[in-house]
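Encoded as structure tokens, the structure appears first; notes follow it.
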Amino acid sequence: MTFRTRLLLILTASVIVSVGLVEWLVLSTTRDAFERVEAQRVDALVAQFRQEFSRRGSDVVRAVQGIARSDALLNIALASDSAPYYNEASGLASANGLDLLEIVAADGAIVSSAEWPARFGYKEDWLAGTAGWQNRGAFLRREELPDGFTLGLAAVAEVRAGDRTLYVTGGQRLDRAFLSSLVLPAGMRVLLYRNLSDGVSAANLTDSSGAVAQPEPFLPVIDEARRNPHEFGREVGSGPAEETFHIIPLQGLQNNLLGVLLVGSSRREMVELEAFLRNIGIILAGAGILVGVALSWWATTRVTRPVHALVASAEKVAAGNWNATVDLASGDEIGQLARAFNRMTQQLLAQRERLVQAERVAAWRELARRLAHELKNPLFPLQITVENMQRAREWAPEQFEEVFREGTETFLAEIAKLKQIIARFSDFAKMPAPEMQPVNLNQLVDETMRLFEPQLQEARIVPRADLDPELPSIPADPEQITWVLRNLVLNAIDAMPQGGSLTIRTAARNGGVRMEVRDTGHGLTAEECERLFTPYYTTKTHGTGLGLAIVQSVVSDHQGHISVESQPGKGTAFRIDLG
Amino acid sequence: MISLPANTLLMCLRWFAVLSAAALAVAATRPHYGGTLRVEVAESIETADPPQIGPGMADLGGAFSVTRWEGGHAAVYSAGESAEGGRPFLDSVEIQMGRALRDQAIDLETGKADLVELGLAEIRRPAPARKIWNTAPVRLIALSFAPRVTDERVREALALSVDRGAIHSVLLQRQGEISGGLLPQWISGYAFLFSTAADPARARSIVSGLPPQARAVTLSFEDPWLRPMAERIALNARDAGLSVSTAGSNPAADVRLLEVRITASDPSVALARTAATLGLAEPPRADSPEALFTAERALLEGFRVVPLFHLPYFYGVSSRVRGGPGITPLGEWRFENLWLEGSRP
Amino acid sequence: MMPRVNGWSGALAALLFLVPRLSLGADDVAGAAQDLARRTVVWNRGPITVTYRNLSSLPDSRLTEVRQDFEAALPRNTDAAIPIEARITLSENTTDYLLIEEARAGAESQVWIARWKRAARSGAVSSPAAIEKRLVWEQDEPILDLAFPGTSLLVLSRSRITLYAPNGTTWQPKQSVPLPGGMPEPRDFRGHLRVNGTRLEVYLPGVACQGSVEPALTLDCRAGGEPWVLESGSQALLLANFTANRNYFDGRLVLQNGTRKSVTPFYSAAESGDPGNALWLLAMADGRTEVFDGTFQELGTIPGWGSDLAGISTRCSGGSQVLADRPANDEPDAIQAYSIVNRSAVSLAPPVTFSGPITALWPSLGSSAVAVSHDLATGKYAAYVLTVVCGP
């Protein structure tokens, strides 16, 4: 990831986080404020509803007491036979706006029932004695009708005529009509669940329009209210259809749960406003982010352009073009950095020149030193041989022939060494450029292993080849690579005079190949590993010390890399990465 | 002083007393000729010609003759000069058909009608200026089961669950009589032999042995005035474990609450006609009350028909109508002796 | 002391002889009872326990006859068979009287019905009639009773008795005789007139008077506890003792057959029903109207009647009917005519109303009655003749 990209991302992320954080704060603050306002509104609505409900209750009480005080009831109380009045309740109920009305004798027998005329004579035992309705005003009751049960908001009044008593119990049904008759503010609705059966049944849930269209969301709320009757609030629905419901359990005279009122306030306005604000916020945030990103990009571009220039120059330098300079004229830190870079590259150039000079000088000196060292070795035997010949002619002429003979052999051997050294040096000096072609290393390894098979066998060395069958072909000079392989194998044989194992592995790696030649010989120390590829450095008693230098040179010409891993006594592994 | 034999004297005294009584009777008000009796009925007879049989207008055929007939609307009967027993006092009888009972009662009280039919609701309403004629209990109110109700236990359970006493006391305002037989007591003399007591415990016991699907029964009522009674019967049946749903006229109902008119005072004839109307088998001709009782009891076995009450028909009569009653115990119209106060020939 | 009782019973007997006896139709209750007994024995000879009840219009005395005849027809010796529980009901339909036996012996049961013909009844169960009310006399002083000797009018007032002669449509006073002083003067002073030809009887609390209207109005009064003659309709009579310082009869009665009876105090009496099956109705001092059979066995009560009753004979449904006022006394009153059917009152006709409470109601001339009301508005007392009119 480039610096510009990183910087752009950081700036963009900063903008996004900032804008997002602000947006979130605004929204959450707004939502909290709305929630508070909504809660207050719901409380006010619930209070208003309670008032309305209470007013209806008062209406019922008033109507029932009015009926109890009427002449009609007095006549019934005084009549010795109440049979003629069995149909009286119906007219009284409709005249007083009641759905339910029963006139009950002192013994609890129904004289007249508006809601179920046929029930005359049946007993309403709950009226007699201490049924708890006295001084209760309006209360809830479960009423039985011909077609089932219903809930009613009822009141009871007593009629006394001398020693005769009548009870008047009347009320209004808590049903769809009752709910639709309640005066409610806009956005508010009331649902009534009539607890008339075991278990929660959606059929018992009604609103002012009748059966609730989608009762499923309310059933868990109702179940909670049934299990633990208390007032609580709950949100139902989602999105614009979400509503805040205030749950009010309705209990009868014996504190039994007869119904549940759900007073709902639509959160549509708040939700829509919230959504509007959120959308605006998102739009603004998005716009802000876009602007921020654009600004960030412009800023990063401006900021990173000199950096890019710096980077480009640095890359050039890294690629070896030490003449790269950064052309920046700004006076800021980037300009200072550019000027420092230029100075650095110039210094690096100069240093490189000097280094190259020094290395060249050092290399020549080293080469001269090694060459001198190498050349010097054969010269000493030559000198000794000449001195031996001189001494012998002068002092032991009888041994001069033998000495001359031995001496001349030594001369010739040492001259051969000198020739070899010079030849190797010449080889090293004039290593040709590799001729690249697609080469399969596995094939070269096979050929090399077959070539050295007798020698390995004689040396009691077990050859192993662990070759990757999927090894790709790489561009290489097969002769040079073969020369490398052979060199390494010879070194490995030299490292295992007592025998061992030689393992050659090939594997595909990072788009190229790796070849490893591992032996189980005496191993090398760390210092030896460090100097292993230095020309004329050798650990062997024979050889010119140029083999691994040449190997390294070949590998370098193939744009590859060679490394060594070894520990004394544990063998040595040469790894060559090519391709 | 003439001396008369004692027995002659006593005989004279006797006849003197009779003649005095007769003279006193002659001193009572005499009927007036003239006037039109205005009658209203609820039934709307849609036929093209006036009815020839049945209680009601058909009974006027002897002393009166039809001079105008508008089927379903109105009819006018005029007095026959050569009627048997003498020309009726009334000039004519005007009949309005298809009038609701409530409207008839209003017309009577406002002076627009002289003779109207009264329902139980109208009977209850006090009307001091109104006099009432009523027939004997000739209206049989009964439950009649459809043939598809084959399980006798269902019929018996429903029959046992009905609390006739409460219905009679409250809904019928103690008019008429509770009945367990097809014929009323005044015709048969043995109606009390048929049990009318409810036995809800036994009804519940029977229902408990019924499969659930057999416990649902539909009950229809032909006339709206029978609705309260039907609903009360449904409530009684519910207490016994039956599920009875009520509806107005429904030919497919399992049981109907209906009203059948007794049209003969002869017990054997009345039983045969009533059985025929109810779709029961024709009873054998009975030559004694005991045989008739046996026949009637056989008709009621199986609870295909459950008699509940016998009610009279009630008629409100305006104060200007004299010479009554113009309705016989069977409900036949006898207007030939009626006359109107204030009318002039 | 009742010095006129013996002569009075003779008069009663004469009256009974004079009035033609009505035919009761074929009467075979004995045969019916015996028939049932025979069939019972044939069915089961076990010991029998019988209960009886009367659902007919026949008097309970008939039921007693049924019992006697039935039990007499049972064998004295019964087998050790299953005992029988039987109920015998006296019933009727339109053409016959029925004797119905329901017998049960163990798990078996039987029903037998015996019958005998009854006399044809008049058409209607209840014979609607109309009460015609005709104002006869009005005055300031309380009117106790009226009578019509011949074509004259005799008015018994609180202080005097006055004879009026007809003068067109009005009455002209002809003669007036004051009532004796020193009489007990109870509140709600009551009195009764009886006229038979020219003979005159006046009954007052603690005083009885006799006199005549022709040639002149004369009155001879004596203090004493002479029973009053209470007529009902055209045939029934009753002698009842009036409590001198009160407004009611003390309950001592002498029936038409001479039998003495004692009931609780009452205000008025009337008879209703067919001869031989008639019932007596007494407006008791405790406010109830009691129904008695011919032997003054208590049968029941009739609710909703006042304290003034009068029996009248009409031809509407045979026999006698009853005029009765309303229970209230401080408001406009009304009088209604009733028949007694199965011991229940059946209205014959709508009531006639008065402008004030009824202070006196007496039968008159058999088929009519005299009613006196006190007009609360004017304070006057008005006397009316009430006639029940039905079809010829």
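Every condition in (1) touching a Phe, Trp or Tyr at 6+ places or on another chain (Cβ under 8 Å); (2) in the same structural domain as A:GLY199 (by TED's automatic domain parsing); (3) of a type outside the set (Phe, Trp, Tyr) is met by A:HIS230 except one, and the failing one is (1).
Would you check if A:LEU25 is surrounded by fewer than 13 Cβ atoms within 10 Å (Cβ to Cβ) and part of a helix (DSSP H, G or I)?
Numbers: surrounded by fewer than 13 Cβ atoms within 10 Å (Cβ to Cβ): yes; part of a helix (DSSP H, G or I): yes.
Against the criterion (surrounded by fewer than 13 Cβ atoms within 10 Å (Cβ to Cβ) and part of a helix (DSSP H, G or I)), A:LEU25 qualifies.
When region B:36-79 is examined, which residues are found to be touching a residue at least 12 places away in the same chain (Cβ under 8 Å) and assigned to a helix (DSSP H, G or I)?
Those that are touching a residue at least 12 places away in the same chain (Cβ under 8 Å) and assigned to a helix (DSSP H, G or I): B:MET57, B:ASP59, B:LEU60.
Restrict the check to region A:101-113 and report whether at least one residue is part of a helix (DSSP H, G or I), at pLDDT below 95 and within 13 Å of chain B (Cβ to nearest Cβ). No - not one qualifying residue is present in region A:101-113. Being within 22 Å of the chain's Cα centre (by Cα) and surrounded by fewer than 16 Cβ atoms within 10 Å (Cβ to Cβ) is not true of B:GLY181. The set of residues from region A:50-87 being over 30 Å from A:GLU231 (Cβ atoms), in a helix (DSSP H, G or I) and more than 12 Å from every other protein chain (Cβ to nearest Cβ) comprises A:GLY66, A:ILE67, A:ALA68, A:ARG69, A:ASP71, A:ALA72, A:LEU73, A:LEU74, A:ASN75, A:ILE76, A:ALA77, A:LEU78. Listed by first and then second residue, the pairs linking a residue in region A:114-126 that is more than 12 Å from every other protein chain (Cβ to nearest Cβ) to a residue that is aromatic (Phe, Trp, Tyr), with Cβ atoms under 9 Å apart and 6 or more places separating them unless they lie on different chains, are A:GLU124/A:TYR167; A:TRP126/A:TRP133. The requirement of being modelled with pLDDT of 95 or more, touching a Lys or Arg at 6+ places or on another chain (Cβ under 8 Å) and surrounded by fewer than 23 Cβ atoms within 10 Å (Cβ to Cβ) is satisfied by B:GLN96. Criterion first (in a helix (DSSP H, G or I), buried (at least 16 other Cβ atoms within 10 Å of the Cβ) and more than 14 Å from chain C (Cβ to nearest Cβ)) does B:VAL217 satisfy it? No.
The residues of region C:51-73 that are surrounded by fewer than 18 Cβ atoms within 10 Å (Cβ to Cβ), among the aliphatic types (A, V, I, L, M) and under 17 Å from C:ALA103 (Cβ atoms) amount to a single one, C:ALA73.
Residues of region C:192-203 that are more than 14 Å from chain B (Cβ to nearest Cβ) and without any contact (Cβ under 8 Å) to a residue 60 or more places away in the chain: C:ARG194, C:THR198, C:ARG199, C:LEU200, C:GLU201, C:VAL202, C:TYR203.
Scanning region C:200-226 for residues that are in a strand (DSSP E or B) and under 24 Å from the mean Cα position of the chain (by Cα) returns C:LEU200, C:GLU201, C:VAL202, C:TYR203, C:LEU204, C:ALA208. Annotation note: of C:THR89, C:THR64, C:THR95, the sole residue that is of a type outside the set (A, V, I, L, M, F, W, C), within 25 Å of B:ASP287 (Cα to Cα) and free of Cβ contacts under 8 Å to residues at least 24 places away in the same chain is C:THR95. Residues in region C:32-46 that are of a type outside the set (S, T, N, Q), out of contact with any strand residue (DSSP E or B) (no Cβ under 7 Å at 6 or more places or on another chain) and either in contact (Cβ under 8 Å) with a residue 12 or more places away in the chain or crowded, with 16+ Cβ neighbours inside 10 Å (or both): C:ALA37, C:ARG38, C:VAL41, C:ARG45. Return yes when C:ALA236 is among the small types (Gly, Ala, Ser) and in contact with a strand residue (DSSP E or B) (Cβ under 7 Å, 6 or more places away or on another chain) and no when it is not. Yes: the conditions hold for C:ALA236.
Just one of the listed residues (A:ASP43, A:ASP32, A:ASP81, A:ASP71) is farther than 25 Å from A:SER180 by Cα, within 60 Å of the chain's Cα centre (by Cα) and at pLDDT 80 or above, namely A:ASP32.
Listed by first and then second residue, the pairs linking a residue in region A:64-91 that is in the same structural domain as A:SER112 (by TED's automatic domain parsing) to a residue that is surrounded by fewer than 16 Cβ atoms within 10 Å (Cβ to Cβ), with Cβ atoms under 6 Å apart and 6 or more places separating them unless they lie on different chains, are A:LEU74/A:ALA161; A:ALA77/A:ALA161; A:ALA77/A:ARG164; A:LEU78/A:ALA161; A:PRO84/B:ARG124.
Scanning for something away from every other protein chain (no Cβ under 14 Å) and either over 19 Å from the mean Cα position of the chain (by Cα) or within 24 Å of B:TRP186 (Cα to Cα) (or both), does region B:224-232 turn up at least one residue? So far as region B:224-232 goes, no, none of its residues is away from every other protein chain (no Cβ under 14 Å) and either over 19 Å from the mean Cα position of the chain (by Cα) or within 24 Å of B:TRP186 (Cα to Cα) (or both).
Only a single criterion out of (1) in contact with a Phe, Trp or Tyr (Cβ under 7 Å, 6 or more places away or on another chain); (2) more than 14 Å from every other protein chain (Cβ to nearest Cβ); (3) over 30 Å from B:ALA214 (Cα atoms) is not satisfied by B:VAL317, namely (2).
To keep it simple, each residue is scored yes or no on (1) at negative phi; (2) surrounded by fewer than 19 Cβ atoms within 10 Å (Cβ to Cβ); (3) in the same structural domain as B:GLN173 (by TED's automatic domain parsing).
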residue	(1), (2), (3)
B:ALA252	yes, yes, yes
B:ASP287	yes, yes, yes
B:ALA295	yes, no, yes
B:ALA298	yes, yes, yes
B:ARG304	yes, no, yes
B:SER319	yes, yes, no
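Which members of region C:149-172 meet the condition of being within 18 Å of C:TYR381 (Cα to Cα) and buried (at least 19 other Cβ atoms within 10 Å of the Cβ)? C:LEU153, C:LEU154, C:VAL155, C:LEU156, C:SER157, C:ILE161, C:THR162, C:LEU163, C:TYR164 - these are the residues of region C:149-172 that are within 18 Å of C:TYR381 (Cα to Cα) and buried (at least 19 other Cβ atoms within 10 Å of the Cβ).
What residue, among those in region B:182-214 that are polar (S, T, N, Q) and part of a loop (DSSP other than H, G, I, E, B), is farthest from the other protein chains (Cβ to nearest Cβ)?
Result: B:THR196.
Among the listed residues B:GLY71, B:GLY35, which satisfies the condition of being of a type in the set (Gly, Ala, Ser), over 22 Å from B:TRP133 (Cα atoms) and in contact with an Asp or Glu (Cβ under 8 Å, 6 or more places away or on another chain)?
B:GLY71
Summed over region B:264-297, the residues that are within 21 Å of B:TYR313 (Cα to Cα) and either hydrophobic (A, V, I, L, M, F, W, C) or within 14 Å of another protein chain (Cβ to nearest Cβ) (or both) give a count of 9. Can you confirm whether region A:402-423 contains a residue that is surrounded by 14 or more Cβ atoms within 10 Å (Cβ to Cβ), in a loop (DSSP other than H, G, I, E, B) and hydrophobic (A, V, I, L, M, F, W, C)? Looking through region A:402-423, none of the residues is surrounded by 14 or more Cβ atoms within 10 Å (Cβ to Cβ), in a loop (DSSP other than H, G, I, E, B) and hydrophobic (A, V, I, L, M, F, W, C). Of the residues contained in region A:263-270, one or more are found to be part of a helix (DSSP H, G or I), under 26 Å from A:TRP24 (Cβ atoms) and in contact with a Pro (Cβ under 6 Å, 6 or more places away or on another chain).
Scanning region A:57-113 for residues that are touching a Ser or Thr at 6+ places or on another chain (Cβ under 7 Å) and polar (S, T, N, Q) turns up just one, A:ASN87.
The values are calculated or read from the model by the stated rules, or taken from the named source; none is laboratory data. Everything numeric here is computed off the predicted structure, so don't read it as measured data. Positions of Cβ are generated from backbone atoms using ideal geometry, with glycine treated the same way; all protein chains shown enter the neighbour counts.
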